[in-house]
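S.K.: Would you mind keeping the following structure in view while I ask a few things?
Computed from the coordinates by the stated procedures, all read-outs in this text should not be read as laboratory data. Treat the numbers as computed from the prediction; the structure is a model and nothing was measured. Glycine also receives a Cβ, built like all others from the backbone with ideal geometry; neighbour counts cover every protein chain displayed.
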Amino acid sequence: MTIPISTYLIYLALSIALTVWVARTLHKNGRVFLVDVFHGNEALADSVNHLLVVGFYLINFGYVSLALKLGYVIETAEQSIEALSVKIGMVLLVLGGMHFFNLFVFSRMRRRSNTHQHPPVAPDEFTPIQQAARQEA
Amino acid sequence: MLCITVLYDPDCGLCRRAHEWLAEQAKLIEFNFVPCASEEARRRYPQLNHDLTKQDLTVIGDNGAVYFGPKAWLMVLWALARYRDWSYRLAAPEMLPTTRRVVSLISQNRYQISRATGLSR
């Protein structure tokens, strides 16, 4: 196998492995957040979780695929390692950005669903309530 | 909070119209409508100042929390699916004084408004 071909193959293998690892981490740990956001509706949480991971895969594999082209000829193993480090570094940065964006979306959804449970204003006073059932019994 | 009780003025045409409008809205929590200072209201809330409830709309939560006037209107908005976001907007510190002024103005002149718009009996 020539050096350029093996460089591409190593790049693809590493990128795909990293993307799958990050996506699985998100899928596993994001579920708790989503169940909380949807007030214990696990079916809806699982569905949204799955859709988020699909989007994550699409964007990352899209980037990996677009960034495959090197643009110059590599002849030595040294050049191959340098090219790989640049490419993998970019993939890692994109994955990190996507990961933090996902966390941001999760925490925003959670904050939104929590704050809106509370009334907009504080009460003026409290009064005891005579229960209707107790009165009629 | 799962349910709110609205103490409204049964003699005011505007309030009856508001009541009809509320009946058509999608609600996030349950509504009870009780005429203010009525026997039913006194039985339910024996320690409440019922003269105060005649002056302005009053909302009481199922936890006994009492909201008078503008706060009561904000609670009504909060209980409606379409207007919950608006209740937070109108209750924000920069909007609350304006909300209070407008709601008080309408509330204090409700009989005149009802007459002028032909909503009174």
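S.K.: What number, in percent, do you get for the relative contact order of segment B:3-116 if the mean sequence gap of Cα pairs under 8 Å and at least 6 apart is divided by its residue count? Write out the running numbers ahead of the final one.
M.R.: Numbers: 146 pairs, mean separation 33.7, N = 114.
Relative contact order, segment B:3-116: 30 percent.
S.K.: Then there's this: Mean residue ellipticity at 222 nm from the helices of chain B, using -39,500 (n - 2.57) per DSSP H segment of n ≥ 4 over the full residue count, to the nearest 500 deg cm²/dmol?
M.R.: Working: 7 runs with 62 residues, N = 121.
For chain B, the value works out to -14500 deg cm²/dmol.
S.K.: Average partner chain C-beta neighbours within 10 Å, per residue of B:65-72? Mind dumping the intermediate values first?
M.R.: Numbers: counts 8, 5, 7, 3, 1, 1, 6, 2.
If you average over the peptide's residues, the count of other-chain Cβ atoms is 4.
S.K.: Unpartnered cysteines of chain B (Cβ-Cβ under 4.7 Å counts as a partner)?
M.R.: Among the cysteines of chain B, those whose Cβ sits 4.7 Å or more from every other are B:3, B:36.
S.K.: What percent do you get for the relative contact order of segment A:17-80 when only Cα pairs under 8 Å and 6+ apart count?
M.R.: Values: 26 pairs, mean separation 20.2, N = 64.
RCO, segment A:17-80: 31 percent.
S.K.: For residue B:45, list long-range residues whose amide hydrogen, built 1.01 Å from N in the peptide plane, is under 5 Å from its own amide hydrogen.
M.R.: Amide H neighbours of residue B:45, under 5 Å, 5+ apart: A:130.
S.K.: Please list the non-local residues whose amide H lies under 5 Å from the amide H of residue B:57, H modeled 1.01 Å from N, same-chain partners needing a gap of 5 or more.
M.R.: Here B:69 satisfy the definition.
S.K.: In nm, give the distance between the simple-model label positions of residue B:26 and residue B:3, each being 7 Å from the Cα along the Cα-to-Cβ direction.
M.R.: Here the answer is 2.4 nm between the modelled labels.
S.K.: In deg cm²/dmol and to the nearest 500, what is the mean residue ellipticity at 222 nm of chain A if only DSSP H runs of at least 4 residues count, each as -39500 (n - 2.57), divided by the residue total? Spell out each step's value before the answer.
M.R.: Values: 4 runs with 104 residues, N = 137.
That comes out to -27000 deg cm²/dmol.
S.K.: Order of B:86, B:73, B:21, B:78 from fewest to most other C-beta atoms within 10 Å?
M.R.: With the fewest neighbours first, B:86, B:73, B:21, B:78 line up as B:21, B:86, B:73, B:78.
S.K.: Once phi is turned into θ = phi - 60°, what whole-Hz ³J(HN,Hα) does the Karplus curve with 6.51, -1.76 and 1.60 give for every residue of segment A:19-26, x standing for Gly and Pro?
M.R.: 4, 5, 4, 5, 4, 5, 4, 4
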